[in-house]
Amino acid sequence: MRALVATLFAAFALLVLWSFVVAPQRGWAMPENVATLGVAVDGLFAKIQWVVGVFFLLTVGLLSWIVWRNAQGGGGRRSAVSKHTKLEIVWTIVPGAILVWLALVQIAPWEAMKFSNSIPRGADGRPKPALCEVWASQFDWHVLYPGADGRSGTGDDLHSPYELVVPVNEPVVLSLHSRDVIHSFFVPSFRLKQDILPGRETLVWFECTKAGEYDLLCAELCGFGHYKMAGKVRAIPRAEYAAFLERKTRELHSNGMEDRK
Amino acid sequence: MTRALHRPTFLVCGALAFALTGCGFQPAPGALKLSLNASSVAALSDAPEKQKELEALLVKYFGTRAGPRYELLESWKSEGLDPNHAEKEFTPESFAPIVAANRERLAYEIAHAPGPEAARQLENTYPSLAESAELYRTQCMHCHGVEGGGDGPTGATINPKPRDVRKGIFKFTAVKDKARPRREDLVELLERGVYGTAMPSFARLSLTEREGLADYVRLLSIRGEVESMLVQSWKDDEKLDDEAAVEAIEIVFGRWMKAREKVIAFDGVVPADSPAMRAHGRELFLDPKKGNCFSCHGAEGHGDGALAFKTDAQGRKTPAYHDDWGFEILPRDFSTGVFRGGSRPIDIYRRIYAGINGTPMPGIGETKGADGELLMKSDDLWSLVHYVRSLGERAE
């Protein structure tokens, strides 16, 4: 019986190990990272995964080995460690040191992502203005692009429900807003997640490195329709982006005649 | 041993808990059915057998929840009309966007289709009414209810209430004269959502799926309107038979067919926004003989006009108006900059021109003054549009 338990423990550890090895090929892992900041996030993720993985295998391996050894020896109490000062110092210092190390290595990515003075600067040396406003409300996303006057919140704003269209391969600053409750702007492919509080402007930035369509999700439980609060980020080359704005401008000035067809 | 005694107890309790709660609390799709409107049941409460007859008539002409379909009327057959296959209402040009949307959505299936003919069929896929009813069940029903009565379980928790489509009244359309919406009005509304309400954008569904949902909503709406007409026919003439049903369906379906002739559009370039237009718009907004908008929307457009409120017996200020669904209704506060039916100038133009169906908001686009002339010239309307839109602008 003990031998069986020991084998199951070991098999479980191997199963977990196997799942991590095959995850990327089977689509079980996170989606491909397509943002500059995501590299550092994935690096942190990998570091934490290694730490957790090594200790997981160590613990489960030891456990299986002890159970297995006891099974061979016919049971009974072999030995017990008690009040072992050196051992206690080791198991306090080692995890503590690992936590401090993680705290130190995450500072740089966090600063690059979240600090207000990390917002990319334009040619004039000043922080880039927001490309558009993203308004979250129960239960969808609305994007407002400033119109010809370059200001948001005026009559010539261009309205894009559901779809956030951004130019690829350049830093993009977004101004996030909520109309009602707390939402969270989450683009898994950019490794970007930011809470949005009602009544407050929150800036985020990213640089998408691959043209394509990516999921935009709400990552804060915001009400009964939270699960369907989805949107899309479409990253396209600059020229196509200009054409998109042009199409939106045409829609804004529509006289409705196309609806008569 | 106590453990041996407890094991069966544990198993029985677990099995009981599972049997009582199941592994989900959704009703099985097969358990859902299209029922009668509560008002029909109340109106026929003295004649239970008539309720059964009415239900049978509705099933005959509109099918069931899982198998919705129109019974083809003789007049439709002679005209070659078949609303069961809404794709036949498209021209090859208007069907092209659907083919493009299918190509995108079914890229994998098309690439792995066994031959060019199968690939072409995939591209031309259009959902049947039964498929759309299933999509309606998963996406819309929890707010809008099984019959589209706006009485789904989550509908009770939100304000404004979900639309009851059984009256055939739709607020945000591109048409005048209280006409039924065009198919495009419903499809675009699904894409855009109703901003400022709990109705979200459904752009994550494909265009084909949204078109299918619009078809199913049309069926629910026609079924609902026909139902109340049949109840009326029984009350007035004691007639509740095929003849009455066919007559009602022809009237209601005819209304939907006429929508396209009623589109409000402006033949010309939309006059650009300017301080002069806004100033003129403000004059009209405040002029009791012209726009008269302030009487409900308030002098500054905050939705606090005198007419919109009444004082009740306890001296409290309450909404003066109700909409056609019987809910209290307040005039829009323009300072929020949120317009439910779309915020483009043409959207606001259509609201001012034709009013908003089912609400006290009147249309003034074709109103004639005492002199027999149009009360508002087109420039006046556009001035109002630009003024109303400017009220939602944020200060710098």
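The values are calculated or read from the model by the stated rules, or taken from the named source; none is laboratory data. Note that the structure is a prediction, hence the values are computed from the model and not measured. Quick reminder, even Gly has a Cβ in these numbers, built from the backbone with ideal geometry, and neighbours come from all protein chains shown.
Some values worked out for this structure:
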item: Matching option when the condition is within 24 Å of B:TYR70 (Cα to Cα) and over 13 Å from the mean Cα position of the chain (by Cα), among B:ARG137, B:ARG182; result: B:ARG137
item: Criterion violated by A:PRO129 - all others in (1) away from every other protein chain (no Cβ under 14 Å); (2) in a loop (DSSP other than H, G, I, E, B) satisfied; result: (1)
item: Residue count for region A:4-63, restricted to those that are among the basic types (Lys, Arg) and either in contact with a Pro (Cβ under 7 Å, 6 or more places away or on another chain) or surrounded by 12 or more Cβ atoms within 10 Å (Cβ to Cβ) (or both); result: 1
item: Any pair with Cβ under 8 angstrom, 6 or more apart, that starts in region A:5-27 at a residue that is within 21 Å of A:ILE48 (Cβ to Cβ) and ends at one that is aromatic (Phe, Trp, Tyr); result: A:ALA13/A:PHE56; A:VAL16/A:PHE56; A:SER19/A:TRP28; A:VAL22/A:TRP28
item: Number of positions in region B:141-166 that are surrounded by 18 or more Cβ atoms within 10 Å (Cβ to Cβ) and hydrophobic (A, V, I, L, M, F, W, C); result: 4
item: Number of positions in region A:227-261 that are of a type outside the set (Lys, Arg), within 13 Å of chain B (Cβ to nearest Cβ), part of a helix (DSSP H, G or I) and surrounded by fewer than 16 Cβ atoms within 10 Å (Cβ to Cβ); result: 5
item: Hits in region B:372-383 (condition: more than 13 Å from B:ILE346 (Cβ to Cβ) and either facing chain A (nearest Cβ under 10 Å) or part of a helix (DSSP H, G or I) (or both)); result: B:ASP379, B:ASP380, B:SER383
item: Test for A:TRP135: is it in a strand (DSSP E or B) and either at the interface with chain B (Cβ under 8 Å from one of its Cβ atoms) or hydroxyl-bearing (Ser, Thr, Tyr) (or both); result: no
item: Some residue of region A:156-173 being within 14 Å of another protein chain (Cβ to nearest Cβ), under 25 Å from B:ARG344 (Cβ atoms) and out of contact with any strand residue (DSSP E or B) (no Cβ under 7 Å at 6 or more places or on another chain); result: yes
item: Unmet requirement for B:ILE249, which otherwise passes all of (1) modelled with pLDDT under 95; (2) surrounded by 13 or more Cβ atoms within 10 Å (Cβ to Cβ); (3) of a type in the set (A, V, I, L, M, F, W, C); result: (1)
item: Residue, farthest from A:VAL173 (Cα to Cα), within region A:141-154, restricted to residues that are buried (at least 20 other Cβ atoms within 10 Å of the Cβ), within 8 Å of another protein chain (Cβ to nearest Cβ) and not aromatic (Phe, Trp, Tyr); result: A:THR154
item: In region B:270-297, residue surrounded by the fewest Cβ atoms within 10 Å (Cβ to Cβ) [restricted to those that are within 14 Å of chain A (Cβ to nearest Cβ) and in contact (Cβ under 8 Å) with a residue 60 or more places away in the chain]; result: B:SER274
item: Single unsatisfied condition, A:VAL181 versus (1) within 14 Å of another protein chain (Cβ to nearest Cβ); (2) touching a helix residue (DSSP H, G or I) at 6+ places or on another chain (Cβ under 8 Å); result: (2)
item: Residue match in region A:189-199 (condition: surrounded by fewer than 20 Cβ atoms within 10 Å (Cβ to Cβ), among the basic types (Lys, Arg) and touching a Ser or Thr at 6+ places or on another chain (Cβ under 9 Å)); result: yes
item: When residues of region B:384-396 are limited to those that are of a type outside the set (Gly, Ala, Ser) and loosely packed, with under 12 Cβ neighbours inside 10 Å, the one farthest from the other protein chains (Cβ to nearest Cβ); result: B:GLU396
item: Verdict on A:ALA211 being exposed (fewer than 15 other Cβ atoms within 10 Å of the Cβ), within 25 Å of A:ALA40 (Cα to Cα), hydrophobic (A, V, I, L, M, F, W, C) and not assigned by TED's automatic domain parsing to the domain that holds A:GLY43; result: yes
item: Residue within region A:114-121 that is of a type in the set (Val, Ile, Thr) and either part of a loop (DSSP other than H, G, I, E, B) or closer than 25 Å to A:GLY199 by Cβ (or both) present; result: yes
item: Output for region B:88-108, where each listed residue is surrounded by 12 or more Cβ atoms within 10 Å (Cβ to Cβ) and among the small types (Gly, Ala, Ser); result: B:SER94, B:ALA100, B:ALA101
item: All helices (runs of 4 or more DSSP H) inside region B:48-159 with 1 or more residues being in contact (Cβ under 8 Å) with a residue 40 or more places away in the chain; result: B:48-62, B:74-79, B:92-105, B:129-139, B:141-144
item: Odd one out for A:LYS210, checked against (1) more than 14 Å from chain B (Cβ to nearest Cβ); (2) of a type in the set (D, E, K, R); (3) not in a loop (DSSP other than H, G, I, E, B); result: (3)
item: Residue that is farthest from the other protein chains (Cβ to nearest Cβ) [pool: residues in region B:144-173 that are of a type outside the set (S, T, N, Q) and over 21 Å from B:LEU219 (Cβ atoms)]; result: B:LYS161
item: Residue in region A:154-164 that is farthest from the chain's Cα centre (by Cα), counting only those that are in contact (Cβ under 8 Å) with a residue 12 or more places away in the chain and either outside the structural domain of A:LEU252 (by TED's automatic domain parsing) or part of a loop (DSSP other than H, G, I, E, B) (or both); result: A:ASP156
item: Condition check for A:LEU104: out of contact with any Pro (no Cβ under 7 Å at 6 or more places or on another chain), hydrophobic (A, V, I, L, M, F, W, C) and not assigned by TED's automatic domain parsing to the domain that holds A:MET30; result: no
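Every residue, every condition in (1) touching a helix residue (DSSP H, G or I) at 6+ places or on another chain (Cβ under 6 Å); (2) more than 23 Å from B:ASP82 (Cβ to Cβ), yes or no:
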| residue | (1), (2) |
| --- | --- |
| B:SER132 | yes, no |
| B:CYS140 | no, yes |
| B:THR157 | no, yes |
| B:PRO162 | yes, yes |
| B:GLU184 | no, no |
| B:ARG204 | no, yes |
| B:GLY212 | yes, no |
